[in-house]
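Here's the structure, in structure tokens; my notes come after.
Values quoted throughout were computed directly from the atomic coordinates according to the rules given, and no laboratory measurement underlies them. Bear in mind the structure is a predicted one, so any value in this text is a computation, not a measurement. Every residue, glycine as well, gets a Cβ built from its backbone with ideal geometry; the counts of neighbours run over all protein chains shown.
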Amino acid sequence: MTGWPDTRSETPIEIRPYWDSRNQLSTSDGIIYKGLRIVMPPSLRKYMLNLFHKSHLGVVKCKQRAREVMYWPGMNADIEVTVRDCSRCAEHQNKNVSEPLMPTKTPDLPYSMVGCDLFNFEGEKYVLLVDYFSKFLDAKELSQETTSDIIEAMKSIFACLGIPRRLRSDSGPQFASMEFLNFCKSDGIEHEMSSPHFQSSNGEVERAIQTVKKLWKKSEDKFLSLLDYRTTPLTNINLSPAQLLMGRRPRNLLPSSEEILTPKIPDLKVLKKHFDSEKQSQKHYYKRKKVKNDISEQLEPQYLESPGLQTTLDVEPPLHTASSNTSRPHEPYVTRSGRIVNKSKRLDL
């Protein structure tokens with residue numbers, strides 16, 4: 001057969017699923033493409049599904065990875081089944097927790113504002129850095145949790161990605177030490193520390209740590225799982241953290257054409273506007289979801305009692321209540337029912 005028949009019904013049944021895409025198909029060196037995406041034959045689809053899910057990313061992320069480089073009819077449905085039937089993903093599935101949000105303004109440039117924190121995984125200590133613009137993250141193992149070791153790890157990351165203008169951390173002893181403050185000063189970094197009462201308020205880093213831990217729990221290769229995260233497009237935009245930071249797609253295990261890997265510089269102003277709009281939408285969604293549960297909680301001074309001790313806590317309305325006009329509470333408060341509200345996390349976007 002040369003060319004496509006005039007009607008779908010005349011098309012051989014084995015290629016009929018490609019009828020709607022017929023004008024986008026081409027061949028090069030014996031490989032069929034739909035645009036820039038490789039058309040995968042049935043014999044290789046199971047293998048590719050396992051490759052998409054090798055780092056155990058979720059349904060959305062796996063679809064985003066696949067759509068960049070590959071195509072076959074019914075691919076989305078096949079990915080959904082693969083992820084749904086993954087026993088390791090089911091074992092480590094997150095519970096949905098609703099938390100108040102505190103939006104952070106999107107930086108103007110990639111890697112100009114970076115968050116950092118320490119975490120433990122399987123008995124080993126790590127320092128994590130995440131870019132507030134691109135969501136590009138890196139984690140370095142530490143021999144010890146000393147300020148000197150943390151600085152050395154950061155220097156190795158900065159040698160590859162550049163020195164950020166601003167660095168946000170909690171107020172832990174390593175980050176509050178004079179040695180770390182001098183390091184930031186010598187490199188021209190503006191260091192910001194979160195309030196001691198709300199060390200979890202650096203939500204970008206909190207989420208990044210949870211992402212890394214979740215990937216590593218399910219993956220056999222820590223480095224490959226980080227690569228897969230960095231090269232997977234973010235939700236609602238067809239650009240990965242690596243593309244946002246570097247302007248290119250680093251090569252991973254998925255087959256890709258040279259044109260796909262060709263560097264392309266994104267429009268940063270358009271992206272910044274998109275990110276800010278998305279954060280406001282998320283803030284509105286979470287506030288609307290939380291106010292239903294919290295609006296009935298009437299706040300007044302309460303006493304916490306223990307043997308030989310009576311302490312009064314100043315009441316301060318939570319950020320998400322309709323009556324609140326405060327930007328960030330700095331003291332814990334107790335509801336009439338006795339619930340200590342400061343134990344819930346406030347997350348930055």
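Each Lys and Arg Cβ is given +1 and each Asp and Glu Cβ -1; about its Cα centre, the range 8-92 then shows a dipole of about 180 debye. Modelled spin-label separation between residue 217 and residue 253, with each label point placed 7 Å from Cα along the Cα-to-Cβ direction: 2.1 nm. Listed from fewest to most Cβ neighbours within 10 Å, the set 136, 175, 223 follows the order 223, 175, 136.
Take the residue pairs 54/264; 135/214; 214/269; 46/222 and return only those whose Cα atoms are more than 25 Å apart. Correct reply: 54/264; 214/269.
The fewest-to-most ranking of 147, 11 by surrounding Cβ atoms within 10 Å reads 11, 147. Rounded to the nearest 5, what % of the DSSP beta bridges within the range 113-273 are antiparallel ones? Antiparallel: roughly 65 percent of the beta bridges in the range 113-273. Here 69, 270, 205 are placed in order of increasing Cβ neighbour count within 10 Å, fewest first, which gives 270, 69, 205. The range 8-92 gives an Rg/Rh value of 1.03, both radii derived from C-alpha positions and Rh following Kirkwood. Phi angles across the range 133-147 convert, under the Karplus curve 6.51 cos²θ - 1.76 cosθ + 1.60 with θ = phi - 60°, into 3J(HN,Hα) values of 8, 8, 6, 5, 10, 9, 9, 10, 6, 10, 6, 9, 8, 8, 4 Hz, Gly and Pro given as x.
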